[in-house]
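What follows draws every value from the coordinates through simple rules; no lab data is involved. Worth saying up front: this structure is predicted, and the values here are computed from it rather than measured. Quick reminder, even Gly has a Cβ in these numbers, built from the backbone with ideal geometry, and neighbours come from all protein chains shown.
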Amino acid sequence: MLRFLKAREWNVSKAHKMLVDSLNWRIENEIDSVLERPILPVDLYRSIRDSQLVGLSGYTKEGLPVFGIGVGQSTYDKASVHYYVQSHIQINEYRDRIILPMLTEKFGRPITTCVKVLDMTGLKLSALSQMKMLSSISTVDDLNYPEKSETYYIVNVPYIFSACWKVVKPLLQERTKKKVKVLSGCGRDELLKIMDYSALPHFCRREGSGSSKHSSSNADDCFSPDHPFHKELYELTNQQSSHKELLKMGSLHVSIPEPDPNDAKIVEVIQAEFHKMGEQNGSTNGHKV
């Protein structure tokens, strides 16, 4: 209840509606059984991992999970939107049902949030074509998993992000602005203040690495389907499904809630900024800025 109250600026009636809507969304879309629905065949799952770059790299010194996200190099072009949303929700549910309770027990105090490190390496104007996908995933998080991220650290920032950030930042709620930290370079030195080197996402480990996509061994690359986090999650979904008499094949078609009007406005501003840059550079298709 506290998370939903924070998300609605302590307005009780709005928070109540948000919570009830979220519970109904979970029931209607069978979210409680999402970890019983492995993405099959395994080659499809591996393709999703190669094009939806996200993974758990470690934990902060205070015990918060550290998720790395390859924003600039995620292509979302190997499967339908339903599979990508399903995969994202599975990661959320695994975090909330398995990882956070495990850390709470280990540290002897409630651990309910995580840290996200967003890598902007390779961000291009062509990312405009992914806005619908990113907006769908963001809406699912905002309305059904509110206040789960303690801080967003943004690293390897190109000009295109800096330009968008200038126009988007004033539109954000104050509590959101406080969570976003744009770091210089790969952010290594700043991040080492809150986590050990072993917990750094692979794209933060050295300056000028040039790529967030599989730039190190599979054991260190938190995006890789062979990383322990992804292997454990996939094995869990397979084990859970084996207990069912009939395994439902195909993607989980989750209904995407309507975004908050303020969030929809932010998406429109980003799209307008991308179009403006594209016109200035003579292209909106793959031009790197």
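Report the full-extension gain for the segment Ile194 to Asp32: residue separation times 0.36 nm, less the Cα-Cα distance, to one decimal in nm.
55.0 nm
Just the number, please: percent antiparallel of the DSSP beta bridges in the chain, rounded to the nearest 5.
Just about 35 percent of them are antiparallel.
Rounded to the nearest 0.05, what FRET efficiency do Ser162 and Asp21 have when you use their Cβ-Cβ distance and R0 = 35 Å?
Computed FRET efficiency for Ser162 and Asp21 comes out at 0.50.
Provide, in order from the shortest bin, the percent of all Cα-Cα pairs of region 33-180 in each 5 Å bin, continuing until the bin that contains the maximum pair distance.
Going from the shortest bin to the longest, the percentages are 2, 8, 16, 22, 21, 17, 9, 5, 1, 0.
For region 1-157, what is the charge dipole size about the Cα centre, in debye to the nearest 20, if Lys and Arg each add +1 at the Cβ and Asp and Glu each add -1 at the Cβ?
260 debye
Write out the GluC sites (Glu not before Pro) in region 57-140 meeting two conditions: DSSP loop, and at most 14 other Cβ atoms within 10 Å of their Cβ.
The qualifying sites are Glu62.
Of (i) 69, 49, 37; (ii) 47, 42, 41; (iii) 57, 48, 40, which one was derived for Cα extents along the principal axes in Å from the structure shown?
Here the calculated entry is (iii).
For a quick check of your reading of the filter: which chymotrypsin sites (Phe, Trp or Tyr not before Pro) in region 1-72 sit in a DSSP loop and have no more than 15 other Cβ atoms within 10 Å?
Filter output for region 1-72: Trp10.
Pop a pseudo-label 7 angstrom from the Cα along the beta-carbon direction at both Lys179 and Lys106 and give the gap in nm to one decimal.
Label at Lys179, label at Lys106, 2.3 nm between them.
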